[in-house]
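Following: one structure in structure tokens, then a few remarks.
The values are calculated or read from the model by the stated rules, or taken from the named source; none is laboratory data. As the structure is a prediction and not an experimental result, all values here were calculated from the model. Cβ: placed from backbone, ideal geometry, glycine included. Neighbour counts: every protein chain shown. For accessibility, only protein heavy atoms count, side chains too; no ligands or nucleic acids. Shrake-Rupley method; radii C 1.70, N 1.55, O 1.52, S 1.80 Å.
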Amino acid sequence: MKKKIIIGIAIILVLGAGCLFFIINASSKEKIGLETTTVSRNSISNTVTATGTVEPVTQVEVGTQVSGIISRIYADYNSLVTKGQIIAELDKTVLESELASKQADLEASKTEYDYQQKNYARSKTLYEKNLISDTDYETATYQYEKAKSTFEKNTADLVKVKTNLGYATIYSPIDGIVLSRAVEEGQTVAASFSTPTLFTIANDLSKMEVIADVDEADIGQIEIGQRVAFTVDAYPNDTFQGEVIQIRLEATTTSNVVTYEVVINAPNPDFKLKPGLTANVTIYTVERNDILTIPSKAFKFVPDTELLEKNEFIIVQSKSPDSLAGENKKTIWRKEGQTLFSQEVAVGVSNGGLTEILSGLKEGEQIISEIVMNRPRSEIQPQEGTSSPFMPKPPGSNKKK
């Protein structure tokens, strides 16, 4: 009986040892999985962000070319004006007095000029007959030329005074709306060194534009015709649409940051956009819709032949096609059951996460994006020096060394 018991125990121990060996051997074997994705149609877009200012398309600063006192103002803030409409007048008393003076000077110089012209004609006739001396003829010529010069000068002065008198009446140069008025009635304006601004008039507020400052690192991606979406703080729930219409070449440097101005048209049929609003601009530098795409990380997959074959995968190096549509070519791996096929494809645009496939793949095909490693528990060990913040620490562990 004892002998049978001993034999039974031995058999149990042998079987147990065998099972333990099988479990340990199986757990130590490295298992892998392959993460795959399906070639599908998506949209890809790349954007550049910037800030800008909403401005009227046409904005004119109306000033005065003569100095004087503002006697009348006919337009105020937000007034609608038409081209040629009188919007202000300067006091004309001094200018009218100067005009009268110049007219009198012109009449006197004309009388003198007519007399000297006749005298010169008589002297010339007598001189040709040798009836007067050279001195008398030269004197008559001098007096005639002097009178002619004085008359021409007074004529020009009169034109100038009349022009200045005309400048005393301020007209609107365009049809539009008055954005600002910088003067009051009775105020003196001086145009000696620079032209003072009296009014600022915008042509048509239903057509606005955004002047966006784009960083030098992004300006190379901007092209005329690209779609733009922007928001303003005044209407946070509204998104306005526009289009790039101009890229200005003049650079602006502020605090060592170089930016370029990009002009964006901004239709404003609801008149929500107002001059001076700050716009948060998104410029779509790339927009491709309904295109074949795969995850960009699939191009980084490189098969480990030895590891894959241990896990019963078959690797096939496919022959690249003779021609692919597109210049930029890359290699990916397709999965069909347990077989992996290399595949050369032509790629287009990318937004980092997705890449466009121009040719080489069809919609619905399975491609490999990465290997998923399933390691045995015996290899999963905590890193040295790491601990859970919720576990109690041994005494003295907080002491500084």
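Descriptive notes on the structure:
- Of all residues in the stretch 299-328, those satisfying the criterion of being under 30 Å from GLU287 (Cβ atoms) and either in contact with a Ser or Thr (Cβ under 8 Å, 6 or more places away or on another chain) or at pLDDT below 80 (or both) are PHE299, PHE301, PRO321, SER323, LEU324, ALA325, GLY326, GLU327.
- Set GLU61, GLU89: member being open to solvent by less than 60 Å² (accessible area, probe 1.4 Å), under 43 Å from the mean Cα position of the chain (by Cα) and of a type in the set (D, E, K, R): GLU89
- Test for LYS297: is it in a helix (DSSP H, G or I), open to solvent by 60 Å² or more (accessible area, probe 1.4 Å) and either on the phi > 0 side of the Ramachandran plot or touching a residue at least 24 places away in the same chain (Cβ under 8 Å) (or both): yes
- Single condition THR231 does not satisfy, out of (1) open to solvent by 80 Å² or more (accessible area, probe 1.4 Å); (2) polar (S, T, N, Q); (3) modelled with pLDDT of 90 or more: (1)
- Any chance GLU145 is under 30 Å from GLN65 (Cβ atoms) and at pLDDT 95 or above: no
- For the stretch 208-224, the set of residues classified as farther than 16 Å from THR254 by Cβ and open to solvent by less than 40 Å² (accessible area, probe 1.4 Å) consists of MET208, GLU209, VAL210, ILE222, listed by residue number.
- Only a single criterion out of (1) out of contact with any strand residue (DSSP E or B) (no Cβ under 9 Å at 6 or more places or on another chain); (2) open to solvent by less than 40 Å² (accessible area, probe 1.4 Å) is not satisfied by LYS102, namely (2).
- From ALA140, ALA108, ALA121, residue being over 50 Å from the mean Cα position of the chain (by Cα), assigned to a helix (DSSP H, G or I), of a type in the set (Gly, Ala, Ser) and surrounded by 15 or more Cβ atoms within 10 Å (Cβ to Cβ): ALA140
- Taking the listed residues TYR260, TYR235, the one that is touching a helix residue (DSSP H, G or I) at 6+ places or on another chain (Cβ under 6 Å) and closer than 30 Å to ILE201 by Cβ is TYR260, with no other qualifying.
- Screening ALA75 against (1) more than 18 Å from GLN143 (Cβ to Cβ); (2) surrounded by fewer than 13 Cβ atoms within 10 Å (Cβ to Cβ) leaves a single unmet condition, (2).
- Here the condition is being touching a Ser or Thr at 6+ places or on another chain (Cβ under 7 Å) and among the aromatic types (Phe, Trp, Tyr); of TYR120, TYR142, it holds for TYR120 alone.
- Sub-9 Å Cβ pairs linking a first residue in the stretch 112-130 that is closer than 29 Å to ASN154 by Cα and in contact (Cβ under 8 Å) with a residue 12 or more places away in the chain to a second residue that is surrounded by 14 or more Cβ atoms within 10 Å (Cβ to Cβ) and among the basic types (Lys, Arg), at least 6 apart or interchain, are TYR113/LYS148; GLN116/LYS148; GLN117/LYS148, ordered by first then second residue.
- Qualifying residue in the stretch 143-150 (condition: open to solvent by 90 Å² or more (accessible area, probe 1.4 Å) and closer than 27 Å to SER101 by Cα): yes
- For the stretch 228-260, filtering for residues that are in a strand (DSSP E or B), over 10 Å from the mean Cα position of the chain (by Cα) and of a type in the set (Ser, Thr, Tyr) leaves 6.
- Selected residue (only one of THR195, THR200, THR169 is over 36 Å from the mean Cα position of the chain (by Cα) and among the hydroxyl-bearing types (Ser, Thr, Tyr)): THR169
- Condition check for ALA212: outside any loop (DSSP other than H, G, I, E, B), over 30 Å from ALA50 (Cα atoms) and either in contact with a helix residue (DSSP H, G or I) (Cβ under 8 Å, 6 or more places away or on another chain) or among the small types (Gly, Ala, Ser) (or both): no
- Scanning the stretch 186-208 for residues that are part of a loop (DSSP other than H, G, I, E, B) and more than 17 Å from SER79 (Cα to Cα) gives GLY186, GLN187, ALA190, ALA191, SER192, PHE193, SER194, THR195, PRO196.
- Within the span defined as the stretch 5-19, every residue fails to be touching a strand residue (DSSP E or B) at 6+ places or on another chain (Cβ under 8 Å) and modelled with pLDDT under 95.
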